[in-house]
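Report on the following structure.
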Amino acid sequence: ITAPLRPAPAQDEHGRGLFLIEALTDHVRYRNRTGRNGAVISFDKILKWREDALLKAS
């Protein structure tokens, strides 16, 4: 079980990105890159259309 991310202190230069992604998206996936440093992070955001939106759906 993974602990939920907590926001990094405002003065930190690292650590805020993943917190923001998890807070603003619907699904987040993390995986390690085999044989390379770092990880791959992908995320989805479900957008809901409103009939009174300024832009019209095509």
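Here, each number is a calculation from the coordinates, and none is a lab measurement. All values reported here derive from a predicted model rather than from experimental measurement. All Cβ positions, glycine included, derive from the backbone under ideal geometry; neighbour counts span all protein chains shown.
3J(HN,Hα) along the range 41-50, derived from phi through the Karplus expression 6.51 cos²θ - 1.76 cosθ + 1.60 where θ = phi - 60°, amounts to 10, 10, 8, 10, 10, 8, 9, 10, 8, 10 Hz, with x in place of Gly and Pro.
Local charge for Ser42 was computed over the other residues whose Cβ lies under 14 Å away, with Lys and Arg +1 and Asp and Glu -1, and equals +1.
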